[in-house]
1. Please enumerate the residues belonging to the range 137-156 that are of a type in the set (Phe, Trp, Tyr) and either touching a helix residue (DSSP H, G or I) at 6+ places or on another chain (Cβ under 6 Å) or at pLDDT 95 or above (or both).
2. State whether the residues of the range 119-136 include one that is in contact with a helix residue (DSSP H, G or I) (Cβ under 6 Å, 6 or more places away or on another chain) and not in a loop (DSSP other than H, G, I, E, B).
3. Among Ala79, Ala99, Ala128, which is the only one that is in contact with an Asp or Glu (Cβ under 6 Å, 6 or more places away or on another chain) and over 25 Å from Ile171 (Cβ atoms)?
4. When you scan the range 102-118, how many residues do you find that are under 25 Å from Val168 (Cβ atoms) and surrounded by fewer than 20 Cβ atoms within 10 Å (Cβ to Cβ)?
Amino acid sequence: MGALHDIPLKRIDGTETSLGDYAGKVLLVVNVASKCGLTPQYEALEALYRDKHAQGLEILGFPANNFMGQEPGTDQEIASFCQTAFDVSFPLFSKISVAGPDKHPLYAALTEAWPDAAGAELMREKFAGYGFPPTPRGEILWNFEKFVVGREGKVVARFSPDVAPDDVRLIDALNKALAA
């Protein structure tokens with residue numbers, strides 16, 4: 001299995017784990033936030049999880065507070081919000097940093113493995129129009145960026161935050177990975 005599987009992680013309930021627990025599965029790794037304009041994507045992520053989990057898909061949510069303080073809560077508050085507001089049943093992990101000097105090793109490995117997100121340039125242009133400083137190329141652009149990790153533990157696709165969970169490009173990448 002790939003080196004991604006060896007990186008230590010912590011579930012939102014505090015238990016230690018790694019992606020190795022999901023070996024042989026297709027993973028959709030998403031940095032999530034509770035107070036973002038894209039937060040309603042939780043609903044579509046949960047629908048996708050329920051639709052494709054039996055085929056081998058795991059959606060892994062990593063709360064992060066890197067973008068305008070849009071995930072201020074504790075792990076317990078985040079877990080409660082996700083359960084109450086969106087009935088999330090896919091695995092959630094302890095809050096981490098996905099950008100900057102304190103970036104979690106998982107996100108360092110993901111962004112190194114696949115530096116450019118599909119659709120990111122359009123989103124960068126939108127952000128520039130709003131006066132947001134652009135993130136460096138290769139870095140996570142915003143909340144709800146998505147990485148597809150194939151059954152062998154290697155990144156096979158990356159999508160910008162505004163690519164919705166039901167977007168045909170993402171669904172095609174997942175179906176291809178699930179069929180492999």
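1. Matches in the range 137-156: Phe144, Phe147.
2. Our first condition is that a residue be in contact with a helix residue (DSSP H, G or I) (Cβ under 6 Å, 6 or more places away or on another chain); within the range 119-136, this holds for 134.
Filter once more, keeping what is not in a loop (DSSP other than H, G, I, E, B): none.
No, that holds for no residue.
3. Ala99
4. Residues in the range 102-118 being under 25 Å from Val168 (Cβ atoms) and surrounded by fewer than 20 Cβ atoms within 10 Å (Cβ to Cβ): 5 in total.
The values are calculated or read from the model by the stated rules, or taken from the named source; none is laboratory data. The model shown is predicted, which means the values in this text are computed figures rather than measured ones. Positions of Cβ are generated from backbone atoms using ideal geometry, with glycine treated the same way; all protein chains shown enter the neighbour counts.
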